[in-house]
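The values are calculated or read from the model by the stated rules, or taken from the named source; none is laboratory data. Everything quoted here is computed from the prediction, not taken from an experiment. Reconstructed Cβ throughout: ideal geometry from the backbone, glycine too, with neighbour counts over all protein chains shown. The accessibility values were calculated without ligands, DNA or RNA, using every heavy atom of the protein model including side chains. Shrake-Rupley method; radii C 1.70, N 1.55, O 1.52, S 1.80 Å.
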Amino acid sequence: MDFTLDEELEAVRVLANEIFADRATTERVREVEGSPARLDEELWAELGKAGLLGIALPEEAGGAGLGLGALCVLLEEQGRHVAPVPLWPAAVGALAVAAHGTPGQRESLLPGAADGSSRLTVALEEFGPGDPAEPRCAARPDGGSDGDGWRLTGVKAVVPSPFGAGHVLVSAAAEAGPGLFLVASDAQGVSWEAAETTSHDLAATLTLDGAPARAVGTPGDGAVAWTIARAAVALAAVQTGVAQGALRHAVTYLSERKQFGRPLGTFQAVQHQLADCYIDVDAMRVCLWQAVTSLEGGEDAAAAVLVAKWWAGDAGLTVAHRVQHVHGGIGVDVDYPVHRHFLWARQISGTLGGPSTDLAKLGALVAAGRIAS
């Protein structure tokens, strides 16, 4: 299949690259990493002004209506520059509201998500080895006068970039099955505890004690699986960019650094390492776009999503590790930019389950006859 970007998506890529290259410099990223919130509000505002935050949202919500593919182009460029803005959780949360929310939820949340004046985050993970598609956080009907209120009780782990988000989209188990629930970040029964991450993003543990919530969709309707699939693809897109950015650093360094009177990049062993990186990155890109195409085409995309996520988690981390290796000692110097790509690759690799979990799920699909072995 031909995964060459069309004219619209290429225009998104060019614009996003210009903004990230201009504003997500090494010096600026280092400055943001030392800030209280660990995210670049100025860059976030610039992305909103350029119309990129709503690139995937429907036009009636103030977005560009370009869908998941455009979002992945944007996320890939973010990964290249390891730009500290909460794009994937905010975008995935907004897409879930657009697809499953009530008219009132869409009207109140999506315009702000599109222009950057407000944002969502998602709480899809919990402590322990459980499957994100089967949350242990409990949802019970509130029994209020309007009949559509819920109360959530449980703990969600590593909620990405929650500080500054007005609402969090929480996966929880109701009697009818898993569902998505919208919770105000400052609601009664909601408490946050800051949590450090490998990538320097300031995440949080979210504890819910009878917190009031509104359902996004209907529990048991598949909205949780729908959202997790798009979150996995979004993470794969970021990771593809992270790997490409790391490889770019390696090429630049090895063409300039000399040993025995020759650039390091002319040594055969080094060239083999870079060739392996190139092959892995290309495989990540192909698998990513196969998953995007399957999701946007309404196909059974479970296998394609898992393959893309596995390649992102396994090969993405391998590329980042190889790049550090060919840099020698400077590769682990925190004042040199390449180490950030390794940290981001490590964080993404374990989000929503690591590569071994993805292989186990793929095996289960094969055993069930949903894909050919």
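Points to keep in mind about this one:
Table: residues versus (1) open to solvent by less than 20 Å² (accessible area, probe 1.4 Å); (2) of a type in the set (A, V, I, L, M, F, W, C).
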| site | (1), (2) |
| --- | --- |
| Asn17 | no, no |
| Thr26 | no, no |
| Val32 | yes, yes |
| Pro36 | no, no |
| Leu47 | yes, yes |
| Pro58 | no, no |
| Leu87 | yes, yes |
| Leu95 | no, yes |
| His100 | no, no |
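- Which listed residue, of Val190, Val158, is at positive phi and of a type in the set (Val, Ile, Thr): Val158
- Residues being assigned to a loop (DSSP other than H, G, I, E, B), within 14 Å of His200 (Cβ to Cβ) and of a type in the set (Ser, Thr, Tyr) - total across the stretch 21-49: 1
- All of Leu53, Leu71 fail the test of being part of a loop (DSSP other than H, G, I, E, B), in contact (Cβ under 8 Å) with a residue 40 or more places away in the chain and within 21 Å of Leu5 (Cα to Cα), apart from Leu53.
- Leading residue by the ranking (farthest from Gln78 (Cα to Cα)) among those in the stretch 5-20 that are in a helix (DSSP H, G or I) and without any contact (Cβ under 8 Å) to a residue 24 or more places away in the chain: Glu7
- Selection of first residues in the stretch 123-142 that are more than 15 Å from Lys361 (Cβ to Cβ) and of second residues that are hydroxyl-bearing (Ser, Thr, Tyr), restricted to Cβ pairs under 6 Å at least 6 apart or on distinct chains, gives the following pairs, ordered by first then second residue: Leu124/Ser171; Pro135/Ser171; Ala138/Thr153.
- A single member of Leu75, Leu68, Leu43 is within 27 Å of Arg214 (Cα to Cα) and within 19 Å of the chain's Cα centre (by Cα), and it is Leu68.
- Of all residues in the stretch 24-40, those that are free of Cβ contacts under 8 Å to residues at least 40 places away in the same chain and within 20 Å of the chain's Cα centre (by Cα) total 0.
- Ser255 satisfies every condition listed in (1) crowded, with 19+ Cβ neighbours inside 10 Å; (2) touching a helix residue (DSSP H, G or I) at 6+ places or on another chain (Cβ under 8 Å) except (1).
- Filtered residues of the stretch 337-364 (kept if surrounded by fewer than 16 Cβ atoms within 10 Å (Cβ to Cβ) and not in a helix (DSSP H, G or I)): Gly354
- Residue ID - farthest from Lys309 (Cα to Cα), chosen from residues in the stretch 60-85 that are among the small types (Gly, Ala, Ser) and surrounded by fewer than 18 Cβ atoms within 10 Å (Cβ to Cβ): Gly62
- The single condition from (1) within 21 Å of the chain's Cα centre (by Cα); (2) open to solvent by 60 Å² or more (accessible area, probe 1.4 Å); (3) without any contact (Cβ under 8 Å) to a residue 24 or more places away in the chain that Glu299 fails is (1).
- Checking Gly177 against (1) in contact (Cβ under 8 Å) with a residue 12 or more places away in the chain; (2) open to solvent by 10 Å² or more (accessible area, probe 1.4 Å); (3) under 26 Å from Asp358 (Cβ atoms); (4) under 24 Å from the mean Cα position of the chain (by Cα), the condition it does not meet: (4)
- Hits in the stretch 196-212 - residues which are part of a strand (DSSP E or B) and under 19 Å from Ala231 (Cβ atoms): Ala203, Ala204, Thr205, Leu206
- Note on the stretch 106-124: residues that are small (Gly, Ala, Ser) and farther than 12 Å from Leu57 by Cα amount to 5.
- Extreme residue, most open to solvent (accessible area, probe 1.4 Å), among residues of the stretch 214-235 that are closer than 20 Å to Leu110 by Cβ and in contact with an Asp or Glu (Cβ under 8 Å, 6 or more places away or on another chain): Arg214
- Residues of the stretch 325-334 include none that is of a type outside the set (Gly, Ala, Ser), closer than 19 Å to Leu75 by Cβ and either in contact with a helix residue (DSSP H, G or I) (Cβ under 6 Å, 6 or more places away or on another chain) or not in a loop (DSSP other than H, G, I, E, B) (or both).
- Test: Asp314 is within 30 Å of Gly130 (Cβ to Cβ), buried (at least 21 other Cβ atoms within 10 Å of the Cβ) and either in contact (Cβ under 8 Å) with a residue 12 or more places away in the chain or not polar (S, T, N, Q) (or both): no
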